[in-house]
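The values are calculated or read from the model by the stated rules, or taken from the named source; none is laboratory data. Predicted model, so just to flag it, every value in this text is computed and none were measured. Positions of Cβ are backbone-derived with ideal geometry, glycine not excepted, and every protein chain shown enters the neighbour counts. For the accessible areas, the whole protein counts, side chains as well, though only heavy atoms, and no ligand, DNA or RNA atoms are used. Shrake-Rupley method; radii C 1.70, N 1.55, O 1.52, S 1.80 Å.
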Amino acid sequence: MVKTRYRLMGLLGAIVLIATQYSCSPGLRKGKLRQIFKHSAIVNDHFTGFALYDMDAQKMVYQLNADKYFTPASNTKLYTFYTCLKMLSDSIPALKYVNRNDSLIFWATGDPSFLHTDLKGVNAFNLLKNSPAKLYFSSGSYTGDFYGNGWPYGDYNDYYQAEINELPVEDNVAVVYADADGTLKIKPTYLQPLLKCDSTLKLNVFRVQRNILNNDFVYPAMRIPKRYRAEIPWKVSTALQLALLKDTLKREITEVNLPMPTAARTIYNAQADTVYRRMLQPSDNFIAEQLLLVCSSTRFKTLSPDSVINYSINHYLNDLPDKPQWVDGSGLSRKDLFTPRDMIALLQKIAAEVKDENLLHSLMPAGGVVGTIKNAYKTDNGKAFVWAKTGSLANNHNQSGYLVTRKGKRLAFAFMNNNFTRPTREIRDEMVRIITYIHENY
C-alpha cells in the first residue's frame, strides 16, 4: 500500500513525505508529537502553546501556536534574569555613597538582599553600622508606583505581592506568628504596636489582615491557632524604611535629597548567583521586581523599571522572533505577553550567557529535586532531567526551560497554557506527562 502511494505521488512526492515525517531526529518523530497534542483532551480544552528546540542540532523540533502571544506569569522572571546577566556583575550593588567631612551620604539601589531573611546581605549594613560618620540617606531615586503595571490590588495582603521601593528592608514583608504561649507576635518588632485585635472583624477563619492604605494589622476576636504564621507585605514609605533601619542599626539617620555625584562609590552585598537562585527556584516576586531597580542603578540616574525594560528590549532582545510586551519584573501583571518561540530564543540567550551548563541548571528549579517543580516530576535514576521556570496565575500555568533526554539530547522548551477552567494540577500533570515522554523517547 505504501509502495502504491509512493508510485502515485512520484519520486518527488515521496521525498517530501519522508522529509515531513522525519523532520526531527530519529526516536521522536514530529508526527508523533503532533498526535500526542492532538489527542490530549486536557491540552485541547484551552489555549495552548508549545515549542521544542534541539540545542545541539540548532533547529526547532515541534511548534504549536508558537507565534501566538500568551500570558507568561512568572516565566517573566527569565527576562529579568537575562537582563541581570547582561547588566550586573557577579555581586549585587547595595548602596552608593560618598564621605564628606564628618558625614556619610548614601543612595539606595533597590537591592533586595539588604537584610533579606535568606540572602542576608550585610556588607552595606556593616558599612553603615561601623562608620564613625553621621549618616544621611538621600531619598527620591525611585519615584515609581509601589505596585507594578497591572498588578491586582486585591492581593495586597498576600505574601507574594510585596511593595516596590528604593530601600527594601527584611523582604518588605511582616511575619505574624503565634509564639509558644499562644500570643500573636510580629516581625519586625517595630510593627508590634500596630498589631491589634478588632472585635468588629467578622471572618470565617482566623487570619491577620492589613489595612490596604496603612500598616494597621488587625485580627478577629477568635482563638489564635497554634503555630499560626503568615507573611504580609507592609505599606512601604521612606519614613517606615528609615525607621526600621534605624531600629536595627541603633543609629540616627537623617533624610536628605541630594544629587548623586559621579564619584560616588558602590558597596556590594550578596553574590549575584545566590540572588538569582533565590528568585528562580521559589519564584520570588519581590526579588525579581527589586532587581530591575538594581539594574537601573547601574545605567541610569534614577531607579526606573520601565527604563530598564525598554533598554533590554531595544539592546538585548531586539532579535527575538516577536517583540515582547514586557511590563514588570515578576510576571504578576497580566499585561505581560510573550510567544513560545520568544521563550525559546530567550532560553538560548541565557544558555549562551551562562556557559557552564551545570551552573545554569543549579540556578533553575529542578524536576524532582528543588524549586517549584520539585514535586511535579520524578527523577530518572535519581537525577533531574528537566530544569524549568514555572509561571502561574489563575487560569494560567506555564513552564519554560531545559530538558536532557536519555540519549543525551539537550533541548529547550516552552509549554504555555492560558484560559483553562480545570484545576491547575491537571494542566501541570499533563505537561509533566508530555515532557517526560520526550525525555524518554527523543
(request) Looking at (1) over 21 Å from the mean Cα position of the chain (by Cα); (2) buried (at least 16 other Cβ atoms within 10 Å of the Cβ), find the lone condition where W234 falls short. (result) (1)
(message) Can you tell me how many residues within segment 209-224 are open to solvent by 20 Å² or more (accessible area, probe 1.4 Å) and farther than 24 Å from E170 by Cβ?
(response) 3
(request) Among the candidates D111, D56, D102, single out the residue that is at pLDDT 95 or above and surrounded by 23 or more Cβ atoms within 10 Å (Cβ to Cβ). (result) D111
(message) Just to be sure before I move on: is A388 under 21 Å from L360 (Cβ atoms), touching a Pro at 6+ places or on another chain (Cβ under 6 Å), part of a strand (DSSP E or B) and open to solvent by less than 10 Å² (accessible area, probe 1.4 Å) in the structure I sent?
(response) no
(request) Return the residue satisfying two criteria in turn: it lies in segment 327-342 and is in contact with a Lys or Arg (Cβ under 9 Å, 6 or more places away or on another chain) and not small (G, A, S), and of such residues it is most open to solvent (accessible area, probe 1.4 Å). (result) V327
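Conditions (1) within 19 Å of P72 (Cα to Cα); (2) in contact with a Phe, Trp or Tyr (Cβ under 9 Å, 6 or more places away or on another chain); (3) among the small types (G, A, S), marked per residue:
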residue: L359; (1), (2), (3): no, no, no
residue: M364; (1), (2), (3): yes, yes, no
residue: V369; (1), (2), (3): no, yes, no
residue: D380; (1), (2), (3): no, no, no
residue: H397; (1), (2), (3): yes, yes, no
residue: S400; (1), (2), (3): yes, yes, yes
residue: A412; (1), (2), (3): yes, yes, yes
residue: N418; (1), (2), (3): yes, yes, no
residue: P423; (1), (2), (3): yes, no, no
(message) Checking the condition more than 26 Å from T254 (Cβ to Cβ), open to solvent by 70 Å² or more (accessible area, probe 1.4 Å) and in contact (Cβ under 8 Å) with a residue 60 or more places away in the chain, which residue from Y153, Y160 passes?
(response) Y160
(request) Look through P305, P321 and report the one residue that is in contact with an Asp or Glu (Cβ under 8 Å, 6 or more places away or on another chain) and surrounded by fewer than 19 Cβ atoms within 10 Å (Cβ to Cβ). (result) P321
(request) For N215, state whether it is of a type in the set (S, T, N, Q) and part of a loop (DSSP other than H, G, I, E, B). (result) yes
(message) Restricting to segment 170-187, name every residue that is crowded, with 18+ Cβ neighbours inside 10 Å and touching an Asp or Glu at 6+ places or on another chain (Cβ under 9 Å).
(response) D171, N172, V173, A174, V176
(message) So the check is Cβ under 6 Å with 6+ separation or different chains; which pairs have a first residue in segment 92-103 that's in contact (Cβ under 8 Å) with a residue 40 or more places away in the chain and a second one that's open to solvent by 20 Å² or more (accessible area, probe 1.4 Å) and basic (K, R)?
(response) Y97/R265
(request) Spot the failing condition for F206; the list is (1) surrounded by fewer than 12 Cβ atoms within 10 Å (Cβ to Cβ); (2) in contact (Cβ under 8 Å) with a residue 12 or more places away in the chain; (3) more than 26 Å from the chain's Cα centre (by Cα); (4) more than 19 Å from S139 (Cβ to Cβ), and only one is missed. (result) (1)
(request) Those residues that are touching a residue at least 12 places away in the same chain (Cβ under 8 Å), part of a loop (DSSP other than H, G, I, E, B) and not β-branched (V, I, T), I need them from segment 56-89; list them, please. (result) D56, A57, N65, A66, D67, K68, Y69, P72, L88, S89
(request) List every residue pair whose Cβ atoms sit under 7 Å apart, with the two residues 6 or more apart in sequence or on different chains, where the first one lies in segment 316-332 and is touching a residue at least 60 places away in the same chain (Cβ under 8 Å) and over 20 Å from D67 (Cα atoms) and the second, anywhere, is part of a loop (DSSP other than H, G, I, E, B) and of a type in the set (A, V, I, L, M, F, W, C). (result) L332/W151
(message) Looking at segment 118-151 only, could you name the residues that are acidic (D, E) and out of contact with any Lys or Arg (no Cβ under 7 Å at 6 or more places or on another chain)?
(response) D145
